[in-house]
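I have placed the structure first, in the form of structure tokens, so that the comments after it can refer back to it.
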Amino acid sequence: MYLQLNNLKKIFDEVPAVNGLSIDIEEGEMVSLVGPSGCGKTTTLKMVGGFVSPDEGAITLDREDITELPPEKRPTATVFQSYALFPHMTVLQNVAYGLKFRGIKKKAALRTAEEMLERVGLTTSQEKTIHQLSGGEQQRVALARALVIRPKVLLMDEPLSNLDAKLRIRMRSEIRRIQRDMAITAIYVTHDQEEALALSDRIAVMEKGIVAQTGTPYEIYSHPDTSFVADFIGRSNFVDMGDGRRAAIHPEDVSLSWDGGDFTGTIIGRQFKGAMTTYSVRVGQSTMEADVLSRDDPRWDEGNPVHLKLNRDKLVYLD
Ligand code: ADP
Ligand code: MG
């Protein structure tokens, strides 16, 4: 395995932030760490980058134990949420900085920096200073600055959270394209499950300092192992089956009709979302959500009785 995080532990003020976390990452793979705020994502990433020293466990990269190496000696580069760019330097100087710091001659450093800026789609703004750039452009500079040193592992901590929704989605695919082009191994930290599903080869869902489940986005979405994962990834309805077991099902696998179906309920809400419309349905003591294609929406009103049918193949039995 190219990058191994092995049983990492970090305790702050007697409270474990990371509590025995292990993940194996292949060369060229992009793995997302996803989980709610406070579950230990940033602490994990900082241990890989060398900014936090683990209390227990080891990190191996390309057969080398890097657990105790200082950040500047590690073949890793981090893109932070805040970008951490140098405001008084030009775009080009920002990107060339890491190379000069590593003793590369100015001319060669600038040429390599120019190439990297081209890769991230920023060629016209090289002489601008950072505050003359939009948020999306600053994001590209931060990415170029991290990549220019050709790290073995690229670490990203919620890199898109300062951008507006539309730009976030565009940058998401840009980051993925660049990561694939350069075949760079990457860890991507986000609390946004949709982002993780969209851009990862694999996802590690974190819960309270440990990995709750790893798998491809499809595996995690369609076969969550626990209620926590089912609840966190996508939207899930929980159904108590007659046999005492609990199951989860996504809203797109619940269909509504005037009659027939598995059980009945009452419409209590309707949200138009463009292509899809989500209905909330009161069923006994619980509420279920059902997605319908807006173009097929019969437009039920609040208070209407409806029949619900579950797509049995998609039911996931839990715990
Ligand atoms: P996430 O990135 O998933 O939101 P963090 O790794 O930042 O989570 O934090 C995990 C836990 O560790 C939180 O409870 C946080 O308050 C705590 N923590 C993180 N860094 C420190 C620190 N330097 N000192 C004390 N507690 C910390
Ligand atoms: Mg964090």
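Of note:
- Accessible surface for residue 287 stands near 70 Å², nearest 10, in the context of the full protein assembly shown (1.4 Å probe).
- For the stretch 3-227, lysine pairs separated by 8 or more sequence positions, or belonging to different chains, with Cα-Cα distances below 13 Å total 8.
- GNM result for the chain, Cα springs below 10 Å: residue of 162, 19, 304 fluctuating most strongly: 304
- Dipole moment magnitude, nearest 20 debye, the stretch 3-227 about Cα centre, only Lys, Arg, Asp, Glu C-beta charged: 1100
- Relative to the current alpha-carbon distance between residue 118 and residue 309, full extension at 0.36 nm per residue lengthens the span by 63.6 nm.
- Restricting the calculation to Cα atoms, the chain yields a radius of gyration followed by a Dmax of 23.2, 75 Å.
- In the stretch 54-136, Cα pairs under 8 Å separated by at least six residues give a relative contact order of 29 percent.
- The HN-Hα couplings worked out from phi for the stretch 310-319 by the Karplus form 6.51 cos²θ - 1.76 cosθ + 1.60 (θ = phi - 60°) are 9, 6, 3, 4, 9, 5, 10, 7, 10, 6 Hz, whole numbers, x standing for Gly and Pro.
- Label point 7 Å beyond Cα of residue 128 along Cβ direction - residues of the stretch 174-188 with amide nitrogen under 11 Å: none
- For residue 11, the residues whose amide H sits under 5 Å from its own are 17, 55, ignoring neighbours fewer than 5 places away on the same chain, with H placed 1.01 Å from N.
- Average Cα contact separation per residue, the stretch 3-227, under 8 Å, 6 or more apart, as relative contact order %: 29
- Computed [θ] at 222 nm, helices only, for the chain once each DSSP H run of length n ≥ 4 contributes -39500 (n - 2.57): -7500 deg cm²/dmol
- Of all accessible heavy-atom area on the chain, the percent that carbon and sulfur account for (1.4 Å): 48
- Accessible-area order (highest first, 1.4 angstrom probe) of the listed residues 282, 140: 282, 140
- Ordering 222, 277, 120 by the projection of their Cα atoms onto the charge dipole of the chain, which places +1 on the Cβ of Lys and Arg and -1 on the Cβ of Asp and Glu, puts 120 at the extreme positive end.
- Across the options 159, 211, 196, the greatest Cα extent toward the positive end of the charge dipole of the stretch 3-227 (unit charges at beta carbon of Lys, Arg, Asp, Glu) belongs to 159.
- Rolling a 1.4 Å probe across the protein heavy atoms gives the stretch 62-207 an accessible surface of 48 Å² per residue.
- J(HN,Hα) series, the stretch 125-142, from Karplus relation 6.51 cos²θ - 1.76 cosθ + 1.60, nearest Hz, glycine and proline x: 9, 4, 8, 6, 8, 4, 6, 8, 9, 6, x, x, 5, 4, 4, 5, 5, 4
- The phi torsions of the stretch 161-174, fed into the Karplus equation with coefficients 6.51, -1.76 and 1.60 and a -60° offset, translate into couplings of 6, 8, 9, 6, 3, 5, 5, 4, 5, 5, 5, 4, 6, 4 Hz, rounded to whole numbers, with Gly and Pro shown as x.
- At q = 0.15, 0.16, 0.20, 0.22 Å⁻¹, base-10 log of I(q)/I(0) for the stretch 148-242 (Debye sum, equal scatterers on each alpha carbon): -0.66, -0.73, -1.06, -1.20
- Heavy-atom accessible area ranking, 1.4 Å probe, most first, across 8, 167: 167, 8
- Three semi-axes describe the equivalent ellipsoid of the stretch 236-318; taken as square roots of 5 times the Cα gyration tensor eigenvalues and ordered largest first, they are 21, 14, 11 Å.
- Under 5 Å, built H, 5+ apart or other chain: amide partners of residue 89: 130
- Rolling a 1.4 Å probe over the protein heavy atoms gives the stretch 236-318 an accessible area of 57 Å² per residue.
The values are calculated or read from the model by the stated rules, or taken from the named source; none is laboratory data. Because the structure is a prediction, the values reported are computed rather than measured. Counting neighbours? That spans all protein chains shown, and the Cβs are built from the backbone with ideal geometry, glycine included. SASA here: full protein model, heavy atoms, side chains in, ligands and nucleic acids out. Shrake-Rupley method; radii C 1.70, N 1.55, O 1.52, S 1.80 Å.
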